[in-house]
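Asks: After the structure tokens below, expect a handful of questions from me.
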Amino acid sequence: MTPQEGRRPIKRSTVSDQQRRRELALVRQAQQRSDSQNRARRLASSVLGLHSSPEPALPDDAIEPEQAPELNWAQTEADLTESEVPARDLNVVQASKLRGREARRWFAHQLMLPEWMIDVPPHLDRDWYVFARPAGNRCFVVSSNGTTISRLRNGSVLHHFPSSLPNGSRTRDMSGPASSYSILDCIFHEPNQTYYVIDMVCWRGYSLYDCTAEFRFFWLNSKLAESGACNSPSTYHRYTFSVVPIYDCDQAGLRAAYSSVVPYVKDGLLFYNKHAHYQTGNTPLALVWKDNYCSEYFLDTDSKGLVPTQQQVVLEMQDDGRLTTSDDPPVVFGCVEADFIQKSGLQAGNLLRFAIRDESVSLIDGKLEIGDLQFVSKVNRARAFADSYSKVFFQYAARHSPLRIEDLAASVQPTFLLKRIVPVFGRLPWKFCTDGRDAGLLVIHIPIPSEKG
Amino acid sequence: MTDQVAAERPLASISPTISGLAMEVTQILLNAQSVDGTVRKHAEESLKQFQEQNLSAFLLSLSNELVSNEKPVDSRKLAGLVLKNALDAKEQHRKNELAQRWLSLDIAVKAQVKACLLQTLASPVPDARSTASQVIAKIAGIELPQKQWPELIGSLLSNTHQLQPHVKQATLETLGYLCEEVSPQVVDQDQVNKILTAVVQGMNASEGSSDVRLAATRALYNALGFAQANFSNDMERDYIMRVVCEATLSQEVKIRQSAFECLVAISSTYYDKLASYMQDIFTITAKAVREDEEPVALQAIEFWSSICDEEIDILDEYGGDFTADSDIPCYYFIKQALPALVPMLLETLLKQEEDQDQDEGAWNLAMAGGTCLGLVARTVGDDIVPLVMPFIEENITKPDWRQREAATYAFGSILEGPSPDKLTPIVHVALSFMLTALMNDPNNHVKDTTAWTLGRIFEFLHGSTVETPIITPENCQQILTVLLQSMNDVPNVAEKACGALYFLAQGYEDVGAASPLSPFYQNIIQALLTVTRREDAGESRLRTAAYETLNEIVRCSTDETAPIVMQLVPVIMLELHQTLEAQKLSSDEREKQTELQGLLCGCLQVIIQKLGAAETTKYGFMQYTDQIMDLFLRVFACRNATVHEEAMLAIGALAYATGTNFLKYMQGFYPYLEMGLQNFEEYQVCAITVGVVGDLCRALEDKILPFCDGIMTQLLKDLSSNQLHRSVKPPIFSCFGDIALAIGENFEKYLIYAMPMLQSAAELSAHAVADDDDILEYTNQLRNGILEAYSGILQGFKSSPKTQLLMPYAYHILQFIDTLYSEKDMDDAVMKTAIGVLGDLADTLGSHVGPLINQSVSSKGFLEECLSSDDGLIKESADWAKLAISRAVSG
């Protein structure tokens, strides 16, 4: 006997997981379709919002940093701890209307900050890019509405200038009102007055936040030159922009980034995970590494530019006196006594510099712990952040057992056997130990392609 | 050759040819039923050729065969069957094709075929009559809607006055089939009245022949849909109901069964007309359930299940607001019958069959009774609990397994419906009892039902929406220990244990970081994998249940347990790899292998979606994508629809997770994408592939461009196809939007194809006459798809110098939105998309469309309505549209 058509026996399974999979897939697709539509519209609406509210015209050549807000900030420093960052969700164009402290607070949180490389990530050769970091000021360059503004890591304005970036000066044809702002992640290199663009966050209103590094770099390389921003300076283009050579982090790429000659002063190497999106704040998917050969600033210097005998760290004091790094969540390295706080007139949120004695540092389960912090001074208020945990660790390692270029090279597959024999790599011995065998003996391997061509 | 020539000559002159062929046809038809495969194949081939070469002669000779009483019964029967197949098919497009071919035949040929068929109804051979009845109904199904064969019903009715019972019987059967075949609209009320009169007279106890009474009762079952007017007339309704109720007391079991089938059909079609008969019907059904043979008793139970269905639907529409107006009021028949109905149903639970749990298709009194009890619980809620509890308490500890099983089954059946407040205290007491029974009861039926009941407890009384948790940290471990152990039990019990675990996990799906399952996660996965590898996992759909549960476990993993899911990836990949390596399989083994591949692809899909959704796990997962993609491509090469669909869904998730990096797989994957888009027959595959195109667009963005020519060609073909299931068409329109958004102004070259299609679909859907909910729902899906296409295209062209290309379409788009607004039958989804498109239009075309928008009714009334909507999404779209419009209008 079989049941009436359409009558399901109560004990028979109610679930069709396959149907559920289908439905969940449809829900996901519908959500994503709506997300991409909203993204397309949001980019537009921010521009519309800008147009609908009259903006005071800025002179093309207004390069003076905003003076009044600067003062404003100085007198209300204590407020810093009271209010959180205003509306993190503000978009960049709205943010560009922020003034003074608010603007700085907002922009200070928009950069992707690499962690310091304290050990070599797996698949370095396959999943990462490497490039030589130009020495200089890291900054965020926004071009919109006929002008270009660069802001330092702490949010303060570095330059306010006309540029050939899209909508970066008044001379550009602004016929497409919806093609709006562009945002570049740059390092301003003083000696040749050049902005080296190390990442592209938005281009002509097209957000690249959710794109992989692979794609962002591809876009950066193809779009920046088109705009004319790489041209020499002119009346409507005050500073030259330039890309840096970016390599796949295989042996050849690592070698090129490390040792080839570039028109700028190097300050270490940057490693970017190819699959990572542009994530604001500290991220382990971008890493910085340096040694004495590729950076003048291998060991941290003090305010006089000298390397102090003891390692120094900058930590942020919390309301309960705990001293923390800039990580999220913060790492606690120590605590300040209540009477010390009272005597010194320190306030929560202050950044403080401490010296650490080597013997007070211990590595427990791979974690760095500091037994004794010696107060040195309060830190210059222009500084926005405490040190990150990885920076403290890196600096500690740098003084004792640094991660060397040989260690990096050993972790990547050789690209061409020929290059392995060439013994030039600065002054450094080039160690081959892909098989864990004796470094001096060359073992010839036929490299196995990791991906199908 | 002669046949073709013959077809062009007048009918009279070809008669000799036909009779010659007809002679031969008998032998061919007999050969077609031969045990010798070669003979059979040859005969089938000849029939096919005959049909293709000369349809008229073919049909004539078949109908001649059918009508000739001197021919063997086997050849006559097959002649009728082949005739029927030449008129009707399952697939809609083939069905239409055959109908058209019949209609286009020479009128004299048709008349002769019909005459033969009607004449066959009087044949002394029952099989010939019965086959003719079906063929007549098929022809009626084609001709009556065309206002042809108007004399049919009259001539059938005149047959019913004949004295020979076999003619009467065949005629009533024909009327029954006819009512099944044609829709009530094409038969006028006068003829309906005559049909009903003939049918009800045939059912009357005074009719001497039981064959006639049975045929009449079955005919009434089909004719009920025609009796709307008669059921509104008190006297006529009383009469029909009396005849049906009398038939349930017939001496003949088949008549009683058929009469109860009529009552079931009446309960759903004429629920609101039943009030005055319910007392009698209860008496009749209760007697049948307790005393009659199983097929009759099952229909009697089905009557109550069907009343429950109706009341659940009505109460659902009330939406808890009992004062609301509804088309049909709830008469609370179940609530009123409850004190008598529940004991009757509980009695049935004790009539289990041995081995019913091992038999997938089993259906007996106990199963029907429990199913009905479950529906009653959903209908009346809390009221059922005190009526069932004494039965449970009395029987659950009895030595006879039937009593323990019935008690457990009763408990499991009433877990959906009553409020958690009512059930939670009972479940608290019952839970540990159930766990012990699942471990220790000596009887497999009891364990099976116990595991199922646990699953029901977790399904309905556990989860984030339940206030008082049934599962605590204390008993969670015990529950899991018992369930995992039961997975080693016999297949049917293990399958239920997997099901229980499925719902247990589902309840923790949105629990966040600290899932109580986390400490046991590794063990659970291990236990499920062990089940999938059991030798006997093919029985009782155990393997399927284990994989489905594994999927649910993956879905509810947390940051903490994500690494364990990551470890599962290579395990499932290896399993899939092994199925692909297996060679030289028997067809039976291959079928099993295919099923397994489907399950494994499904599992990978769930894993990909889970790991791909979080940044933290996504990168770790990327190490596997090359290999997974490689496996999927090999799966596609196996060509099986279900597996194809699962792999396609998985690839959609993979594309989402990998983003632009998916580009490297496109070359290898593209042929299968195209194949999926061409799969009209298995439209689910096609639908899913269309969805995957959307995923690819979002993943690859403008890098999808090189593949767009091929994709667009397929999509346009799909839209023009009348073979493709209609449900795939709205998503195809949405897909246009996805493509346009991805490739921006490069969509230019497709505009001349896509836009006219969108326009004509828009016109159709704007004015669709939606007389039922299904059509309205489909119409709205279509509108939504069209609007999503417009939205994507408009946004895609934004800030391009080519936006002007869209200007010619602006008027039409606005008109479409205006019409939707004035039709007032769009749903919330359409409303949100429509107001969004209005904004997109203003945003992309700016001041060029300002005046047009100003003139449209949408920009005022519709916008206002959306701005004041309670739906946040509609309001959000409307706010944006307002901003865009104000700019377009002012600038």
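The values are calculated or read from the model by the stated rules, or taken from the named source; none is laboratory data. Just so we're clear, the structure is a prediction, and the values are computed from it rather than from any experiment. Here the Cβ is made from the backbone with ideal geometry for all residues, glycine too, and neighbour counts use every protein chain on show. Only protein heavy atoms, including side chains, enter the accessible area calculation; ligands, DNA and RNA are left aside. Shrake-Rupley method; radii C 1.70, N 1.55, O 1.52, S 1.80 Å.
Asks: Which condition number does B:N488 fail, the rest of (1) within 13 Å of chain A (Cβ to nearest Cβ); (2) out of contact with any Pro (no Cβ under 9 Å at 6 or more places or on another chain) being met?
Replies: Unmet for B:N488, out of (1) within 13 Å of chain A (Cβ to nearest Cβ); (2) out of contact with any Pro (no Cβ under 9 Å at 6 or more places or on another chain): (1).
Asks: Would you mention how many residues in segment B:299-313 are touching a helix residue (DSSP H, G or I) at 6+ places or on another chain (Cβ under 8 Å) and over 15 Å from B:G369 (Cα atoms)?
Replies: Taking segment B:299-313 first, the residues touching a helix residue (DSSP H, G or I) at 6+ places or on another chain (Cβ under 8 Å) are B:299-312.
Among the residues that remain, those that are also over 15 Å from B:G369 (Cα atoms) are: B:310-312.
Of the residues in segment B:299-313, 3 are touching a helix residue (DSSP H, G or I) at 6+ places or on another chain (Cβ under 8 Å) and over 15 Å from B:G369 (Cα atoms).
Asks: With the requirement that a residue be hydrophobic (A, V, I, L, M, F, W, C), within 10 Å of chain A (Cβ to nearest Cβ) and over 24 Å from B:Q623 (Cα atoms), what does segment B:645-689 give you?
Replies: Within segment B:645-689, B:A687, B:I688 qualify.
Asks: What single numbered condition from (1) open to solvent by 40 Å² or more (accessible area, probe 1.4 Å); (2) modelled with pLDDT of 90 or more; (3) closer than 24 Å to B:D127 by Cβ fails to hold for B:L163?
Replies: All conditions pass for B:L163, except number (2).
Asks: I would also like to ask the following. Quick test for you: out of B:G208, B:G225, B:G176, pick the one residue that is over 35 Å from the mean Cα position of the chain (by Cα) and either surrounded by fewer than 24 Cβ atoms within 10 Å (Cβ to Cβ) or not in a helix (DSSP H, G or I) (or both). Break it down into steps so the answer makes sense when it comes.
Replies: Numbers: B:G225 fails: over 35 Å from the mean Cα position of the chain (by Cα); B:G176 fails: over 35 Å from the mean Cα position of the chain (by Cα).
Among B:G208, B:G225, B:G176, only B:G208 is over 35 Å from the mean Cα position of the chain (by Cα) and either surrounded by fewer than 24 Cβ atoms within 10 Å (Cβ to Cβ) or not in a helix (DSSP H, G or I) (or both).
Asks: For segment B:838-854, how many residues meet the condition of being part of a helix (DSSP H, G or I) and either open to solvent by less than 40 Å² (accessible area, probe 1.4 Å) or closer than 10 Å to B:A884 by Cβ (or both)? Write out each step before concluding.
Replies: Taking segment B:838-854 and keeping what is part of a helix (DSSP H, G or I), we get B:838-848, B:850-854.
The next check asks that each one be either open to solvent by less than 40 Å² (accessible area, probe 1.4 Å) or closer than 10 Å to B:A884 by Cβ (or both); those that pass are B:838-846, B:850, B:853.
The qualifying residues number 11.
Asks: Residue under question is B:A766, and the condition is that it be open to solvent by less than 10 Å² (accessible area, probe 1.4 Å), touching a residue at least 24 places away in the same chain (Cβ under 8 Å) and within 14 Å of chain A (Cβ to nearest Cβ); does it hold? It would help to see each step written out before you state the result.
Replies: Working: open to solvent by less than 10 Å² (accessible area, probe 1.4 Å): yes; touching a residue at least 24 places away in the same chain (Cβ under 8 Å): yes; within 14 Å of chain A (Cβ to nearest Cβ): no.
No, not satisfied.
Asks: Which numbered condition trips up B:D74, out of (1) among the acidic types (D, E); (2) surrounded by 13 or more Cβ atoms within 10 Å (Cβ to Cβ); (3) more than 20 Å from B:E44 (Cβ to Cβ)?
Replies: (3)
Asks: OK, next. Being out of contact with any Lys or Arg (no Cβ under 9 Å at 6 or more places or on another chain) and open to solvent by less than 20 Å² (accessible area, probe 1.4 Å) is true for just one of B:L461, B:L484. Which residue is that?
Replies: On the way: B:L484 fails: open to solvent by less than 20 Å² (accessible area, probe 1.4 Å).
Answer to the selection: B:L461.
Asks: Let me ask another. Identify, please: which residue in segment B:109-167 is in a loop (DSSP other than H, G, I, E, B) and of a type in the set (S, T, Y) and is, among those, nearest to B:S61 (Cα to Cα)? Walk me through how you get there before you give the answer.
Replies: Step one: list which residues in segment B:109-167 are in a loop (DSSP other than H, G, I, E, B), which gives B:121-125, B:147-151, B:160-164.
Okay, now just the ones that are also of a type in the set (S, T, Y), so B:123, B:160.
On the way: B:S123: 17, B:T160: 28 Å.
Taking the candidates together, the pick is B:S123.
Asks: Of (1) open to solvent by less than 10 Å² (accessible area, probe 1.4 Å); (2) over 21 Å from B:I775 (Cβ atoms), B:P801 satisfies all except one. Which?
Replies: Of (1) open to solvent by less than 10 Å² (accessible area, probe 1.4 Å); (2) over 21 Å from B:I775 (Cβ atoms), only one is false for B:P801: (1).
Asks: When you scan segment A:267-280, do you find a residue that is aromatic (F, W, Y), under 16 Å from the mean Cα position of the chain (by Cα) and modelled with pLDDT of 90 or more, even just one?
Replies: Taking segment A:267-280 as the starting set, the residues that turn out to be aromatic (F, W, Y) are A:271-272, A:278.
Checking which are under 16 Å from the mean Cα position of the chain (by Cα) leaves us with A:271-272, A:278.
Pick out the ones that are also modelled with pLDDT of 90 or more and you get A:271-272.
Yes.
Asks: A follow-up question, please. In segment A:272-325, which residues are open to solvent by 50 Å² or more (accessible area, probe 1.4 Å), within 14 Å of chain B (Cβ to nearest Cβ) and either in a loop (DSSP other than H, G, I, E, B) or without any contact (Cβ under 8 Å) to a residue 40 or more places away in the chain (or both)?
Replies: A:Q279
Asks: Being among the polar types (S, T, N, Q), assigned to a helix (DSSP H, G or I) and open to solvent by less than 20 Å² (accessible area, probe 1.4 Å) narrows it down to one of B:Q597, B:Q623, so name that one.
Replies: On the way: B:Q623 fails: open to solvent by less than 20 Å² (accessible area, probe 1.4 Å).
After applying the criteria, what remains is B:Q597.
Asks: Do the conditions hold for B:I426, that is, is it more than 14 Å from chain A (Cβ to nearest Cβ), surrounded by 16 or more Cβ atoms within 10 Å (Cβ to Cβ) and without any contact (Cβ under 8 Å) to a residue 40 or more places away in the chain? Before the answer, list the steps.
Replies: Details: more than 14 Å from chain A (Cβ to nearest Cβ): yes; surrounded by 16 or more Cβ atoms within 10 Å (Cβ to Cβ): yes; without any contact (Cβ under 8 Å) to a residue 40 or more places away in the chain: no.
No, not satisfied.
Asks: Now, a different point. Hey, does segment B:158-178 have a residue that's touching a residue at least 60 places away in the same chain (Cβ under 8 Å) and farther than 27 Å from B:A227 by Cα?
Replies: First pass over segment B:158-178, keeping only residues touching a residue at least 60 places away in the same chain (Cβ under 8 Å): none.
No - not one qualifying residue is present in segment B:158-178.
Asks: Quick one: would you say A:D327 is over 17 Å from A:R383 (Cα atoms) and of a type in the set (D, E)?
Replies: Working: over 17 Å from A:R383 (Cα atoms): no; of a type in the set (D, E): yes.
Spelling it out, it is not the case that A:D327 is over 17 Å from A:R383 (Cα atoms) and of a type in the set (D, E).
Asks: How about segment B:626-667: which of its residues are touching a helix residue (DSSP H, G or I) at 6+ places or on another chain (Cβ under 8 Å) and open to solvent by 50 Å² or more (accessible area, probe 1.4 Å)?
Replies: If the condition is that a residue be touching a helix residue (DSSP H, G or I) at 6+ places or on another chain (Cβ under 8 Å) and open to solvent by 50 Å² or more (accessible area, probe 1.4 Å), then B:Q627, B:R634, B:C638, B:N640, B:T642, B:Y656, B:L663 are the ones that fit.
Asks: Report yes if B:V253 is modelled with pLDDT of 95 or more, surrounded by fewer than 18 Cβ atoms within 10 Å (Cβ to Cβ), over 25 Å from B:S232 (Cα atoms) and within 14 Å of another protein chain (Cβ to nearest Cβ), otherwise no. Spell out how you get there, then give the answer.
Replies: Numbers: modelled with pLDDT of 95 or more: yes; surrounded by fewer than 18 Cβ atoms within 10 Å (Cβ to Cβ): yes; over 25 Å from B:S232 (Cα atoms): yes; within 14 Å of another protein chain (Cβ to nearest Cβ): yes.
Against the criterion (modelled with pLDDT of 95 or more, surrounded by fewer than 18 Cβ atoms within 10 Å (Cβ to Cβ), over 25 Å from B:S232 (Cα atoms) and within 14 Å of another protein chain (Cβ to nearest Cβ)), B:V253 qualifies.
Asks: Turning to a different aspect of this structure: Go through B:Y821, B:Y809 for me and flag whichever is within 22 Å of B:F747 (Cβ to Cβ), surrounded by 14 or more Cβ atoms within 10 Å (Cβ to Cβ) and away from every other protein chain (no Cβ under 14 Å).
Replies: Details: B:Y821 fails: within 22 Å of B:F747 (Cβ to Cβ).
The match here is B:Y809.
Asks: Search segment A:21-32 for residues that are over 16 Å from B:M648 (Cα atoms) and facing another protein chain (nearest Cβ under 7 Å) and pair each with any residue that is open to solvent by less than 20 Å² (accessible area, probe 1.4 Å) and assigned to a helix (DSSP H, G or I) when their beta-carbon atoms are under 9 Å apart and the residues are at least 6 apart or on different chains.
Replies: Short answer, once both residue conditions are applied: A:Q32/B:G694; A:Q32/B:D695.
Asks: Let me ask something else about it. Hey, A:L269 hits all of (1) out of contact with any Lys or Arg (no Cβ under 8 Å at 6 or more places or on another chain); (2) touching a residue at least 60 places away in the same chain (Cβ under 8 Å) but one; which does it fall short on?
Replies: Tallying (1) out of contact with any Lys or Arg (no Cβ under 8 Å at 6 or more places or on another chain); (2) touching a residue at least 60 places away in the same chain (Cβ under 8 Å), A:L269 fails exactly one: (1).
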